[in-house]
Amino acid sequence: MSASATQTAGEVSMGIKPPSHPTYDLKAVIKLALAEDAGHTGDVTCMATIPFDMEVEAYFLAKEDGIVAGVALADMIFEHVDPSLKVEWMRKDGDYVHKGLKFGKVSGNAHKIVVAERVLLNFMQRMSGIATLTKLMADAASPACILETRKTAPGLRLVDKWAVLIGGGRNHRMGLFDMVMIKDNHISAAGGIVNAVKSVDEYLKQKNLEMDVEVETRTLEEVKEVLEYASGSETRLTRIMLDNMVVPLENGDVDVTMLKDAVELINGRFETEASGNVTLETVHKIGQSGVTFISSGALTHSVKALDISLKIDTELALEVGRRTKRA
């Protein structure tokens, strides 16, 4: 939603849409998360302390600086819990928030708001942490594009990859089904890198399949083997991964000489992707090497959640936050 726009929970806004997936059911994931919290009795504390017909206003508070993500998902959760809740967002997915900012409000049945609170915050905090790191990495990586990997939380892959999009990154393959990615174990089992690429070419032709193909290379010799094969064969190969060609140095810097040499060998014939030793400190130097993409598992497997809360008594929450340096 745009700033100061009000909606009911049944009117879900969608700015940056989630990536597509043929079998992933986002609504079912929301339902599962709520059921996990409710168990077989529901929220016993709410039932004991909050009159069922009480109505309140609650505000979303940022407790640290970052990129907010999960606004559209929060709308979906509120819709599932109680479509009559009224939601107002002062920030949208992808916007910057600072510590102490009230960036959203929900009003309606107190019981329903409190029931939704922890589940939607769990999603939003994780997504916002991913989006915040992605934004930092994407800005530093330019002109290369930053990608995540399949190193996502089990069951939350689409949510994690959605957060990467919100943070300004690009999505790598969604799973095992939408791209051929020939990795080290495939190469070892196939008896070498050329055998592996050739087998993929034959398989895709036999099955009449159209999809991108990437191969992982670990040495300049493997890069040369792939290029030699491609120069004499009709291949479906679209991208070459340059794995662990960024060499860490004792002083904390990295040597990208091997990476640059590989990029020069490929000379634009295929997309290139750097992988390994990618951090916020190294990504800028890697991005200047000429690679098309940089992939980082840390965007999703080591994410630090962004601290966000949903409070009915916001003044007291802000007072406590200031006392603890979190507002």
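Couple of notes before you dig in:
- Scanning the stretch 172-181 turns up one or more residues that are modelled with pLDDT of 95 or more, in the same structural domain as residue 241 (by the TED database), outside any loop (DSSP other than H, G, I, E, B) and open to solvent by 20 Å² or more (accessible area, probe 1.4 Å).
- Among the criteria (1) farther than 19 Å from residue 168 by Cβ; (2) in a loop (DSSP other than H, G, I, E, B); (3) basic (Lys, Arg), the one residue 304 does not fulfil is (1).
- Verdict on residue 164 being in the same structural domain as residue 256 (by the TED database), farther than 21 Å from residue 273 by Cβ, aliphatic (A, V, I, L, M) and not in a loop (DSSP other than H, G, I, E, B): no
- Residue within the stretch 135-145 that is surrounded by 20 or more Cβ atoms within 10 Å (Cβ to Cβ) and among the charged types (D, E, K, R) present: yes
Okay, residues lined up against (1) among the hydrophobic types (A, V, I, L, M, F, W, C); (2) within 22 Å of the chain's Cα centre (by Cα):
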{"position": "71", "(1), (2)": "yes, yes"}
{"position": "81", "(1), (2)": "yes, no"}
{"position": "84", "(1), (2)": "no, no"}
{"position": "96", "(1), (2)": "no, yes"}
{"position": "106", "(1), (2)": "yes, no"}
{"position": "113", "(1), (2)": "yes, no"}
{"position": "120", "(1), (2)": "yes, yes"}
{"position": "129", "(1), (2)": "no, yes"}
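- Selected residue (criterion: farthest from residue 210 (Cα to Cα)) from residues of the stretch 229-252 that are touching a residue at least 12 places away in the same chain (Cβ under 8 Å) and charged (D, E, K, R): 243
- Here 197, 215 are screened, and the one residue that is in contact (Cβ under 8 Å) with a residue 12 or more places away in the chain, part of a helix (DSSP H, G or I) and either within 30 Å of residue 33 (Cβ to Cβ) or open to solvent by less than 50 Å² (accessible area, probe 1.4 Å) (or both) is 197.
- From the list 259, 265, the lone residue that is assigned to a helix (DSSP H, G or I), over 19 Å from residue 213 (Cβ atoms), assigned by the TED database to the domain that holds residue 147 and not β-branched (Val, Ile, Thr) is 259.
- Selection from the stretch 285-313 of residues that are farther than 20 Å from residue 129 by Cα and either assigned by the TED database to the domain that holds residue 162 or of a type in the set (Gly, Ala, Ser) (or both): 285, 286, 287, 288, 289, 290, 291, 292, 293
The values are calculated or read from the model by the stated rules, or taken from the named source; none is laboratory data. Not measured: the values here are computed from a predicted model. Using ideal geometry, Cβ is built from the backbone for each residue, glycine included, and neighbour counts are taken over all protein chains shown. Protein only, heavy atoms only, side chains kept; ligands, DNA and RNA dropped before computing areas. Shrake-Rupley method; radii C 1.70, N 1.55, O 1.52, S 1.80 Å.
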